[in-house]
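The values are calculated or read from the model by the stated rules, or taken from the named source; none is laboratory data. Note that the coordinates shown come from a computational prediction; the quantities given were computed from them, not determined experimentally. Here the Cβ positions follow ideal geometry from the backbone for every residue, glycine too, while neighbour counts run over all protein chains shown.
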Amino acid sequence: MPGKKRFDYTDLALTSIKHMRKNPVLFLPDFVLFLITFFITIIFYRYSGLSILLSEILTAEARTELIKLFLFENWLQVLVSVLIFAFVTFVLGVSIETIKFTMIKQIILKKKISLLKSWQDKNNYFWKIVLMKVMIFLLVLIAIFLLSIFSIILFTISSTFGGFSLTWLISILALIVFIFFTLSLLFRYAILFLENKSAGKTIRKSFMFFKKNKKHTFNVWFITTLVGVVFGVLATTMSIYLAKLQVLTNVIIIIYIISFMSSFASFAIRILSTIWSQLFIFENYK
């Protein structure tokens with residue numbers, strides 16, 4: 001059991017890097033998702049009328065009023081576009097997750113990595129992931145509801161604390177709940193794919209794993225979070241510098257090209273951190 005075993009996190013971190021270097025195909029699913037999402041975003045951008053709005057904003061002075069008028073006149077078109085965009089990207093995102101995590105499973109189990117087999121096996125996990133996401137969403141909603149009720153009761157009956165103090169207290173409680181869920185569900189994908197459990201059993205075992213291995217789970221979360229923050233800062237910085245080039249032109253096609261360069265640079269940096277973190281989590285669960 002991980003709770004009884006001494007983990008060499010440095011060795012596992014280096015092992016995850018080796019997996020990335022030896023299996024560059026791991027980056028392909030996310031790269032494909034990025035391209036599809038980017039072009040879907042452009043279609044949404046043009047269909048919803050936001051492209052026309054942007055061109056008008058670039059030359060107009062009363063920008064706030066222009067935006068309000070646009071949303072008032074085109075709210076249905078924008079709403080439909082957003083819903084379609086959200087649905088398509090969600091389905092694509094889950095499909096890509098199943099393929100990617102199946103390949104990670106193959107690597108962790110020391111099997112030959114196969115993109116084709118991962119594609120063929122995606123149906124075995126697709127609905128499990130969807131159901132797991134729904135169940136986690138409902139759990140979070142319940143937690144938010146209970147926290148809201150608790151907050152209302154405190155603000156109603158408390159006379160010894162000021163509103164400012166209570167706000168801080170509720171904020172701290174919300175942060176604790178967020179960290180609890182993050183830690184409790186950290187190994188959910190590793191459990192789902194390595195043990196092929198149902199969505200409900202995966203969530204339950206993930207909570208139990210955290211309960212029995214609090215220190216180990218926290219260490220893995222802290223390391224992956226730290227790496228994610230560092231790469232996130234790099235990605236954001238790169239994206240900001242490239243995005244500044246957009247103000248130099250009002251030609252739509254050039255704006256699209258610069259936007260793609262900015263998004264891709266940020267994606268390339270973040271995906272290194274993401275793939276490494278996922279491999280690292282799987283290795284630490286195994």
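Can you tell me which of I269, I258, I240, I254 is within 18 Å of L26 (Cα to Cα) and either modelled with pLDDT under 75 or in a helix (DSSP H, G or I) (or both)?
Just a single option satisfies the conditions, and that option is I269.
Being within 23 Å of the chain's Cα centre (by Cα), small (G, A, S) and over 22 Å from T274 (Cα atoms): is that true of S184 here? Quick ask: steps written out before the conclusion?
Numbers: within 23 Å of the chain's Cα centre (by Cα): yes; small (G, A, S): yes; over 22 Å from T274 (Cα atoms): no.
No.
So how many residues does region 81-102 have that are of a type in the set (A, V, I, L, M) and within 12 Å of Y125 (Cβ to Cβ)?
3
Name the pairs: first residue in region 214-239 and at positive phi, second residue in a helix (DSSP H, G or I), Cβ to Cβ under 6 Å, at least 6 apart or on different chains?
Hits for this filter: zero, empty list.
Given the criteria surrounded by 12 or more Cβ atoms within 10 Å (Cβ to Cβ), modelled with pLDDT of 95 or more and either aromatic (F, W, Y) or closer than 30 Å to F38 by Cα (or both), does F207 qualify?
Judged against the criteria, F207 is a match.
Inside region 182-204, can you point out the residues that are closer than 30 Å to L154 by Cα and surrounded by 16 or more Cβ atoms within 10 Å (Cβ to Cβ)?
Matches in region 182-204: L183, S184, L185.
From L53, L33, L58, L12, which residue is among the aliphatic types (A, V, I, L, M), surrounded by 12 or more Cβ atoms within 10 Å (Cβ to Cβ), within 30 Å of the chain's Cα centre (by Cα) and at pLDDT below 65?
That would be L53, the only listed residue that is among the aliphatic types (A, V, I, L, M), surrounded by 12 or more Cβ atoms within 10 Å (Cβ to Cβ), within 30 Å of the chain's Cα centre (by Cα) and at pLDDT below 65.
Go through (1) at pLDDT 75 or above; (2) among the hydrophobic types (A, V, I, L, M, F, W, C); (3) in contact with a Leu (Cβ under 9 Å, 6 or more places away or on another chain) one by one and return the number of the condition V229 breaks.
(3)
If K133 meets every condition in (1) closer than 28 Å to K211 by Cβ; (2) surrounded by 15 or more Cβ atoms within 10 Å (Cβ to Cβ); (3) at pLDDT below 90 apart from one, which number is that one?
(3)
In region 98-136, what count of residues is obtained for those that are of a type in the set (D, E, K, R), part of a helix (DSSP H, G or I) and without any contact (Cβ under 8 Å) to a residue 12 or more places away in the chain?
Final tally of qualifying residues: 0.
Could you pull out the residue among S114, S118 that is more than 27 Å from F207 (Cβ to Cβ), touching a helix residue (DSSP H, G or I) at 6+ places or on another chain (Cβ under 8 Å), exposed (fewer than 15 other Cβ atoms within 10 Å of the Cβ) and not aliphatic (A, V, I, L, M)?
Answer to the check: S114.
Would a scan of region 180-198 turn up a residue that is part of a helix (DSSP H, G or I), of a type outside the set (D, E, K, R) and without any contact (Cβ under 8 Å) to a residue 24 or more places away in the chain?
There is at least one residue in region 180-198 that is part of a helix (DSSP H, G or I), of a type outside the set (D, E, K, R) and without any contact (Cβ under 8 Å) to a residue 24 or more places away in the chain.
Keeping to region 199-235, report how many residues are polar (S, T, N, Q), over 18 Å from K100 (Cβ atoms), part of a helix (DSSP H, G or I) and in contact with a helix residue (DSSP H, G or I) (Cβ under 7 Å, 6 or more places away or on another chain). First the steps, then the outcome.
Here is the first cut: in region 199-235, the residues polar (S, T, N, Q) are 202, 206, 213, 217, 219, 224-225.
Keeping just the survivors that are over 18 Å from K100 (Cβ atoms) gives 206, 213, 217, 219, 225.
Cutting the leftovers down to part of a helix (DSSP H, G or I) gives us 206, 217, 219, 225.
Then drop every residue that is not in contact with a helix residue (DSSP H, G or I) (Cβ under 7 Å, 6 or more places away or on another chain), which leaves 206, 217, 219.
Residues flagged as polar (S, T, N, Q), over 18 Å from K100 (Cβ atoms), part of a helix (DSSP H, G or I) and in contact with a helix residue (DSSP H, G or I) (Cβ under 7 Å, 6 or more places away or on another chain) within region 199-235 amount to 3.
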